[in-house]
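What follows is calculated from the coordinates using simple rules that are stated; it is not laboratory data. As the structure is a prediction and not an experimental result, all values here were calculated from the model. Every residue, glycine as well, gets a Cβ built from its backbone with ideal geometry; the counts of neighbours run over all protein chains shown.
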Amino acid sequence: MSKELLKITNLKTYFFTREGVTKAVNDVSFKIGRNEAFGLVGESGCGKTVTALSIMRLVPYLGKTVSGQIFFEGEDLIKKSETDIRRIRGSRISMIFQDPLTSLNPTMKIGNQIAEKIEQHMHLSREEAWEESINLINLVGIPDSSEKALQYPFQLSGGMQQRIMIAIALSCSPHLIIADEPTTNVDVTIQAQIIRLIREKREESKSSLLLITHNLALVAWLCDRLAVMYAGKIMEIGNSEQIFDKPDEPKHPYTSGLLACIPSVHHRKRKLKMIKGSIPNLLEVPLGCPFHPRCEIAEEVCSRKVPEPIEVEPAHMIRCHFVR
Amino acid sequence: MQRAFKLTSKSELYAIFYALKKNKPAIISLGVIIILCLTAVLADFLAPRDPAEQNLDYRLKPPNTDYLLGTDELGRCILSRIIYGSRVSLIVGIISVSVSLGIGITVGCIAGYFGGKIGTILMTLVDITLSFPGLVLAIGFAALLGPGINNVMLALSLVGWPPYARVIRGETLALREKQFISASKAIGESGLYIVLHHIIPNIISAAIVMATLGMGWAIISEAGLSFIGLGIAPPESSWGLMISTGRLYFLYSPHTIIFPCLFLSLTILSFNILGDGLRDALDPRLRIR
Amino acid sequence: MSEFLLQVNNLKKYFPVTRGTILKKIIGYVYAVDDIDFSIQTNETLGIVGESGSGKTTVAKLILGLLQPTSGKIFFEGQEITSKSNSKMKEIRRKMGAIFQDPFSSLDPRKSVYKIVGEPITYHKVYSGSEKERVILDLVTKVGLKKVDLNRYPHEFSGGQKQRIAIARALALNPALIIADEPVSALDASVQAKILNLMTDLKHKYKFSMLLISHDLSVVRYVSDKIAVMYLGKIVELSSSEDLFSNPLHPYSKALLSSVPVPSRTVMLKREVRILKGEIPSASNPPPGCRFHPRCYYTQPICEKVEPTLIDVGNNHLVACHLYA
């Protein structure tokens, strides 16, 4: 039994469009252990969602995983057949999507949407699955569960819809939950409720979490370890304390840049440090280190050679030529 | 004083024409339409014969050296009739569509942007008109107005505007909610100013595409009306009328119908392609740079 | 009262909920903004923060004149502007600039940057000819764009750049007051920082006042001098920025502040997040008494019956809660 739940090595997923090849995921490697919460952070277009979709083998049209391995509980998901993947999807790996309004079927009652999944994966009868789904609706903190089960998604608020998504994701006790921006469209006080829910459920079921978000603070809240992505590559992997709470520790310039530009609620920064330049078009990623045009410590070698991952401390990897 | 930079409305027009230039099919279509228009204008010089001149000994003759496109059932030169016919078809098409478009855009924008009771009344009028089959309504109007080319155009204009109004109102409703309209209101712009400067430029492409399709409908409807005596009267010719009468002789003298059909199709196709090209050239997002 | 640039008294906006198509019958109201007061001085920024249903966006629209209030008064530079018609508002509008949330739909896709930024100038006929060109070029450079950008169209720019264009437009007539409705919510973190820095720089340079509306407390903190916290159409707390963050009084403000995560693992592991129970109620059916009472941890019997009013507990720190009455 492998001690790692998920191990991704050298994953590459490209999109073949009319304008060219978009290297959305360009040599990504990381590991998630059992009962571990892992954050995948980056701004828009960095490739984090495509990574999640690659794991689930749900890469959209025009995209294809061209190389790499995704080992889940010892088996390479890329080599599996469609039927086998379908058995894993939903039961051993579950995904919570960003926008519940488009991820829930608007014409189906909530209870049925949960029950459908339970029926499929756990081979229960229709009635038993319905009972179980009402249980789950209760479990995610929605009152009047038997009434709510009979309602349609549009009748619920955004926060409740997101909880239903979590209920569906949790329904078959998955070993890994992938959550893609689970609270982006939700108010901050509701976000707090949902984060607490995710934490509680994870503790009960001991499932691992892959949290995908652009919100670094959210990662600090939920995750033990994280990876920072930029233009399809992972720039840094480390545990949360190393990255958030040790300002003297070496960090990737992009990570430091991101941390410095977050306005704080708790003290008024005099001026936000900015990262010069802007996120590159994925059709025209700079050669060498993709971050070099915006990097303050970049030198000539950065425009030629892609930096290799360097382990600066145990379990702390930085992809930079000049890491101290 | 040195100019800060150069951008005037003139260069906007230039940008549009430049974008259009790159679109070969659109330029070819524009050329065809220009040629057709010139043909219509210079008909007196281009037509080999008087289109009304009958030669009863020489009826339904296929194309030959004398009569380049043959003769019709009354021995008239088909080529000449086609040349003069282009006048009618083009005028009816362009004018009735323009008038319909004008009414449709006005009604659509008012109903869509200002809404309220007036909007409801206007849209009810649109719905009532749309519930009649177009041609039947046109016949009704034409019968009321009497025959003649001007009445045909009036009838077709009155029948043709509701579909434009419907579509434009829908587009206007969608646009009204966009934040750049709120931004304009925040600047203090009046409703009329917003409709003229922001709504209309953004709906113009939908309108153009509809207009090119409407052109085909107008020309064919004119044919129908003329055929039942409510449009232009013989000996005048229009392509539509030539097609309608030529139907009777199709089996043995197909040339009577093929040539007018060819010109009609060519014209409608050219308008459609030009319309597509114009729509793309007008939208800054679609301009091929 | 002319010491204030903007003053709002007892402002209310109720949206009727109707049934039927031809003969509309009113079956209820959405109490979007329900009796609020605030003021902004010259060279001062007021941030309004709140979640969905708080009414903050409606406030922006009311100040801009995009919506007419149900009741209450709005004063600008001492003059009442509450129910002025569009034509009378023309002069006032020249002194206000607006920045909206969605950079993708707040710029007319069919107009060049030159036309968009110059629109206030063109409409109000302030400048013309080469003078106008010079002013527009100047505006665009102020926000960090280039001369070549003037001939470009919105779709050619990124989200952050589009907001810069929107800011340039808002500044076109050198307004005394800028109203910004969620100006950075749609932008990435690194871009947010740039736009926020730009706004603060411009503020210091041109000394305009700002009404900033956001759901993001950290954004509001960074830019504002005073902050108003709104909940379900009411202002529940109003104080200086410093006071609110160092000493939040209203239970909702406390919950809001503790719900905002910070990028620190050690802090987040230790933090006692005050998680509110339940959902935000609908603005068409607000709870009786204090609107916040169903979700509050400190409710007393009076909270269900009597609505608390805003009182000054010292140092111009206003709070509407029976705990401090």
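Placing unit charges on the Cβ atoms only, positive for Lys and Arg and negative for Asp and Glu, gives the range A:222-322 a dipole magnitude near 580 debye about its Cα centre. The mean sequence distance of close C-alpha pairs (under 8 Å, at least 6 residues apart), as a share of the length of the range C:219-286, puts its relative contact order at 23 percent. Which far-off residues, 5 or more places away or on another chain, put their amide H under 5 Å from the one on C:VAL33, with H placed in the peptide plane? Answer set, sorted by chain and number: C:LYS13.
Looking at the square roots a ≥ b ≥ c of the eigenvalues of the Cα gyration tensor of the range B:1-153, which shape do they give, rounded for a/c under 1.5, prolate if a/b is larger than b/c, or oblate? In terms of gyration-tensor shape, oblate. Count Lys and Arg as plus one, Asp and Glu as minus one, and take only other residues whose Cβ is under 15 Å from that of C:THR82; the net charge is then +3. Amide H contacts of C:ILE99 (H built 1.01 Å from N, in plane; Pro and chain starts excluded): C:ILE179, C:ALA180, C:ASP181 sit under 5 Å, all sequence-distant by 5 or more or on other chains. The distance between label points at C:ASN43 and B:PHE227 comes to 8.1 nm (points 7 Å beyond Cα on the Cα→Cβ vector). Working note: Karplus 6.51/-1.76/1.60 with θ = phi - 60° gives the range B:69-81 the couplings 10, x, 10, 9, 5, 10, x, 8, 5, 5, 4, 5, 5 Hz, where Gly and Pro are set to x. What the Cβ-Cβ distance of A:ARG304 and A:SER173 gives, at R0 = 45 Å and to the nearest 0.05, is a FRET efficiency of 0.40.
Residue-wise HN-Hα couplings along the range B:109-114, as the Karplus relation 6.51 cos²θ - 1.76 cosθ + 1.60 with θ = phi - 60° gives them from phi, are 5, 5, 5, x, 7, 8 Hz; Gly and Pro carry x.
When the Cα gyration tensor is reduced to axis lengths a ≥ b ≥ c, the ratio a/c is 1.5 or higher for the range B:85-140, and with a/b not above b/c it is classed as oblate. Figure legend: label point modelled 7 angstrom from the Cα of C:TYR29 along Cα→Cβ; residues of the range C:293-325 with amide N under 18 Å from it are C:307-308. Working note: Karplus 6.51/-1.76/1.60 with θ = phi - 60° gives the range B:153-165 the couplings 5, 4, 4, 5, 4, 5, 7, x, 6, x, x, 4, 4 Hz, where Gly and Pro are set to x.
Between A:GLU4 and A:THR83, what FRET efficiency comes out of the Förster formula 1/(1 + (r/R0)^6) with R0 = 25 Å and r the beta carbon distance, rounded to 0.05? So, using R0 = 25 Å, E works out to roughly 0.50.
The residues packed around B:GLY240, meaning those with a beta-carbon under 15 Å from its beta-carbon, carry a net charge of 0 if Lys and Arg are +1 and Asp and Glu are -1.
Contact order, relative form, for chain C: 20 percent (alpha carbon pairs under 8 Å, 6 or more residues apart, mean separation divided by residue count).
The range A:214-291 and the range C:227-302 have their alpha-carbon centroids 29 Å apart. For the range B:87-229, a simple Cβ point-charge model (Lys and Arg +1, Asp and Glu -1, everything else neutral) yields a dipole of about 160 debye relative to the Cα centre. In this structure the amide hydrogen of A:ILE96, modeled in the peptide plane, comes within under 5 Å of the amide hydrogens of A:ILE178, A:ALA179, A:ASP180, none closer than 5 places in sequence on its chain.
A dipole drawn for chain A from +1 and -1 charges on Cβ atoms has a positive end, and of A:GLN242, A:ILE178, A:ALA115 the residue lying farthest that way is A:GLN242.
Distance cut-off 24 Å, Cα to Cα: go down the list A:LYS148/C:LYS277; B:LYS178/C:LYS61; A:LYS12/A:LYS276; C:LYS132/C:LYS226 and report the pairs above it. Pairs exceeding the cut-off: A:LYS12/A:LYS276; C:LYS132/C:LYS226. Toward the positive end of the charge dipole of the protein assembly as shown, with +1 on the Cβ of Lys and Arg and -1 on the Cβ of Asp and Glu, the farthest Cα among A:ILE166, C:SER105, B:ILE121 is that of C:SER105. Straight-line reach from A:LYS3: taking Cα to Cα under 23 Å and skipping same-chain neighbours fewer than 8 places apart, the lysines in range are A:LYS31, A:LYS79, A:LYS80, A:LYS201, A:LYS206. Counts of other chain beta carbons within 10 angstrom of each beta carbon in peptide B:173-184 average 6.
The spacing between the range C:81-131 and the range A:9-27, judged by their C-alpha centroids, is 43 Å. Our summary gives chain A a relative contact order of 20 percent, counting only alpha carbon pairs under 8 angstrom and 6 or more residues apart. Remark: spin-label model distance B:CYS37-C:HIS204 equals 6.0 nm, labels positioned 7 Å along the Cα→Cβ axis. Put simply, when A:187-193, A:294-300, B:170-176, C:15-21 are sorted by average Cβ atoms within 10 angstrom per residue, most first, you get A:187-193, B:170-176, A:294-300, C:15-21. Sort chain B into rounded, prolate or oblate with this rule: let a ≥ b ≥ c be the square roots of the eigenvalues of the Cα gyration tensor; rounded if a/c is under 1.5, and if a/c is not under 1.5, prolate when a/b is larger than b/c, oblate otherwise. Because a/c hits 1.5 or more and a/b fails to exceed b/c, chain B counts as oblate.
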